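**Q** What follows is a single structure, and I will ask about it in a moment.
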Amino acid sequence: MARHVVATLDEIAPGTCKIVTVAGREIGIFNVASQFYGLINRCPHGGAPLCRGRIHGRMEAAAPGQYRLTRPGEMLRCPWHGWEFDIRTGQSWCDPDNVRVRSYAVSVEPGETLAKGPFVADTVSVTVDQHYIVVDL
């Protein structure tokens, strides 16, 4: 499994998201109370850019008129149709048994850990053959 450095710690403030492209995939990196989570930027319901949706909490009611906000900053609402997803797991709150967004493992690591080798550079053989440049992969 390849690892990709996508941001510094201070680039994603608590309660926000940064959308990055990794290996051709748009992934939203979310900071939920200083814990980081990754979700694919595509709603499984209608294909919307999910990670551009609103981040909010969960509203619960024990009885009519008795509302309370729970899990602040842990829910993501699709910008097209309003489907809601748990940022921590990718699980849909509209159809929890059948729908979830692909999630990715995200970790925070000190820079010196990432900068230590050994590094191996990929090399590609290049030759000139009858005035054509050829790259061998």
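Every read-out reported here was derived from the displayed coordinates using simple, explicitly stated rules and does not represent laboratory data. No experiment lies behind these values; they were computed from the predicted model shown. Note that we place each Cβ from the backbone using ideal geometry, even for glycine, and neighbour counts take in every protein chain shown.
**Q** Any residue at all in the stretch 61-84 that is surrounded by 15 or more Cβ atoms within 10 Å (Cβ to Cβ) and β-branched (Val, Ile, Thr)?
**A** Among the residues of the stretch 61-84, not one is surrounded by 15 or more Cβ atoms within 10 Å (Cβ to Cβ) and β-branched (Val, Ile, Thr), which makes the answer no.
**Q** Here is a further query. Looking at (1) in contact with a helix residue (DSSP H, G or I) (Cβ under 9 Å, 6 or more places away or on another chain); (2) within 21 Å of Cys94 (Cα to Cα), find the lone condition where Glu26 falls short.
**A** Against the list (1) in contact with a helix residue (DSSP H, G or I) (Cβ under 9 Å, 6 or more places away or on another chain); (2) within 21 Å of Cys94 (Cα to Cα), Glu26 comes up short only on (2).
**Q** What number of residues within the stretch 1-52 are among the acidic types (Asp, Glu) and either part of a helix (DSSP H, G or I) or over 22 Å from Trp83 (Cα atoms) (or both)?
**A** 2
**Q** Could you check the stretch 68-105 and list, in sequence order, the residues that are under 12 Å from the mean Cα position of the chain (by Cα) and either part of a loop (DSSP other than H, G, I, E, B) or over 21 Å from Thr16 (Cβ atoms) (or both)?
**A** Matches in the stretch 68-105: Ile87, Arg88, Thr89, Gly90, Val101, Arg102, Ala105.
**Q** Among the numbered conditions (1) in a strand (DSSP E or B); (2) aliphatic (A, V, I, L, M); (3) surrounded by fewer than 16 Cβ atoms within 10 Å (Cβ to Cβ), tell me where Val108 comes up short.
**A** Result: Val108 fails condition (1) only.
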